1. Among VAL87, GLN61, LEU75, whose Cα sits farthest toward the positive end of the charge dipole of the stretch 52-103 (+1 at Cβ of Lys/Arg, -1 at Cβ of Asp/Glu, about the Cα centre)?
2. For n ≥ 4 DSSP H runs only, could you compute -39500 (n - 2.57) per run for the chain, divide by its residues and tell me the 222 nm figure to the nearest 500?
3. Among ASP55, ASP102, ASP68, determine the one that fluctuates most according to a GNM of the chain built with springs between C-alpha atoms less than 10 Å apart.
4. Could you calculate the FRET efficiency of TYR98 with SER2 from 1/(1 + (r/R0)^6), where r is the beta carbon distance between them and R0 is 30 Å, rounded to 0.05?
5. Check LYS96: other-chain or 5+ apart residues with amide H under 5 Å from its amide H, H built from backbone geometry?
6. Identify the trypsin sites (Lys or Arg not before Pro) of the stretch 1-104 meeting these criteria: DSSP loop state and at most 15 other C-beta atoms within 10 Å of the C-beta.
7. Where in the chain lies the longest segment free of GluC sites (Glu not before Pro) that are both loop residues by DSSP (not H, G, I, E, B) and have at most 11 other Cβ atoms within 10 Å?
8. Of the chymotrypsin sites (Phe, Trp or Tyr not before Pro) in the stretch 22-102, which ones lie in a loop per DSSP and count no more than 11 other C-beta atoms within 10 Å?
Amino acid sequence: MSHRKFGRKIGPRRALLRNLVTSFIIAERIETTEARAKEISRLAERMITLAKKGDLHARRQALAYMLDENAVTKLFEKIGPRYEGRVGGYTRIIKKGYRRGDAAPMVVLEMVER
């Protein structure tokens, strides 16, 4: 299977992932469940790769996916140049423990070289 469904239909799932990726780009560190973090990591790495290209087409592709224009600006002006010499692996997942209510595995997803 190429992606996780999170028990949601396609619309709410896409909205969840877009919101989380946008929040992750703005904050550069986010605490979430392990499954969500793995999906966010995939998508955030794609966005950072677009930012490294830096052309207008890449910016429009990022704007089409992310919800906040300020997040795209930060991505292209600060985050993209930061990882210019790096081929991949822009994010890291640090295990944190289990959530108290439902024992879901919690992690911290953060950018490398913060």
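Quick note: the coordinates plus some simple rules give every number you see, no bench work behind them. Predicted, not measured: the structure shown is a model, and the values here were computed from it. Here the Cβ is made from the backbone with ideal geometry for all residues, glycine too, and neighbour counts use every protein chain on show.
1. Positive-most Cα among the choices belongs to VAL87.
2. -15000 deg cm²/dmol
3. Ranking ASP55, ASP102, ASP68 by mean-square fluctuation puts ASP102 first.
4. 0.65
5. MET106, VAL107, VAL108
6. Answer in residue order: ARG4, LYS5, ARG8, LYS9, ARG86, ARG99, ARG100.
7. Longest site-free region, per DSSP loop and neighbour criteria: 1-83.
8. Those that pass, being in a loop and sparsely packed, number zero.
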